[in-house]
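Participant: One structure follows; several queries about it will come next.
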Amino acid sequence: MSSNVITYDPQHRECPTALRRRLGKAYKQPIAAIGNIVHLDNPLLAFFCSGKCPGNLILDTYDLARELRDIPVTVIGGFHSSMEKECLDMLLRGTQPIIICPARSIDRMRIPKPWQAPLADGRLLIVSPFIEHQPRVTVELARQRNRFVAHLADEVFIAHAAPGSKTESFCKDLLDEKKPVLAVNRPENSALLELGAQSLAVSDASKHW
């Protein structure tokens, strides 16, 4: 399955207001989208996780994903690491809106089967900051995509950032920029919390949003 791609110019007055507001006046790169752009009007929570995640945090993150299916917040992410993909599968089985940002162009992208029903139902939005044909994911494209996701989001949840990892460095950058970063309060996340990430209790997630 493929879908029509719409390109938006953030500097054009006909660009959706939510997109222009979230990207800011300095952002000039066109954006490609498939699906319901209205979801950018919702509160957006970005979701990231390192490639490897400790067992305790895997269980916490599963619990949070289940909670998020019933909370009025839209989850946005690249959903590339194993933990991110598994949580996306759980979210797709819910009813809340989701925004997926692939680290590649989407002009010739075939829509994965699990995405097709949510897309047809209008609760899925696929957004990419890559207009030129970029069919393959690279480390640099993933880095740019992650920055783009965080730029759009109101808050960022990091399930786990392995010490010395790109995710930990990314978290430091976000905190330096005063972007709200959330992490589950576990010893395995002590480094994130010491950097300044806000402690999130999964059992109280519905109260946070």
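The values are calculated or read from the model by the stated rules, or taken from the named source; none is laboratory data. This one's a predicted model, so the numbers in the text were calculated from it and none came from an experiment. When we count neighbours, we look across all protein chains shown, and the Cβ atoms used for this are built from the backbone with ideal geometry, even at glycine.
Participant: If we scan region 94-106, do we find a residue that is within 16 Å of the chain's Cα centre (by Cα), more than 22 Å from residue 8 (Cα to Cα) and not charged (D, E, K, R)?
Facilitator: Yes - at least one qualifying residue is present in region 94-106.
Participant: Now for a different question. Restricting the search to region 15-33, which residues are polar (S, T, N, Q) and in contact (Cβ under 8 Å) with a residue 60 or more places away in the chain?
Facilitator: 29
Participant: Test residue 44 against the criterion of being modelled with pLDDT under 95 and within 16 Å of the chain's Cα centre (by Cα), and give yes or no.
Facilitator: Judged against the criteria, residue 44 is not a match.
Participant: Another question, then. Just for region 54-88: of the residues that are in contact (Cβ under 8 Å) with a residue 12 or more places away in the chain and charged (D, E, K, R), which one is surrounded by the most Cβ atoms within 10 Å (Cβ to Cβ)?
Facilitator: Residue satisfying both the conditions and the ranking: 60.
This table checks each residue for (1) of a type outside the set (Phe, Trp, Tyr); (2) under 26 Å from residue 197 (Cα atoms); (3) at pLDDT below 90.
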position	(1), (2), (3)
1	yes, no, yes
8	no, no, no
58	yes, yes, no
62	no, yes, no
71	yes, yes, yes
78	yes, yes, no
92	yes, no, no
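Participant: Name the strands (runs of 3 or more DSSP E) wholly within region 1-101 that hold at least 1 residues that are among the small types (Gly, Ala, Ser)?
Facilitator: Where strands (runs of 3 or more DSSP E) fall fully within region 1-101 and carry at least 1 residues being among the small types (Gly, Ala, Ser), they are 31-35, 44-48, 74-77.
Participant: Out of region 11-31, which residues are crowded, with 20+ Cβ neighbours inside 10 Å and over 15 Å from the mean Cα position of the chain (by Cα)?
Facilitator: Once the filter is applied, which keeps residues that are crowded, with 20+ Cβ neighbours inside 10 Å and over 15 Å from the mean Cα position of the chain (by Cα), region 11-31 yields only 31.
Participant: Condition check: touching an Asp or Glu at 6+ places or on another chain (Cβ under 9 Å) and either free of Cβ contacts under 8 Å to residues at least 12 places away in the same chain or not polar (S, T, N, Q) (or both). Does residue 40 satisfy that?
Facilitator: Answer is no for this residue.
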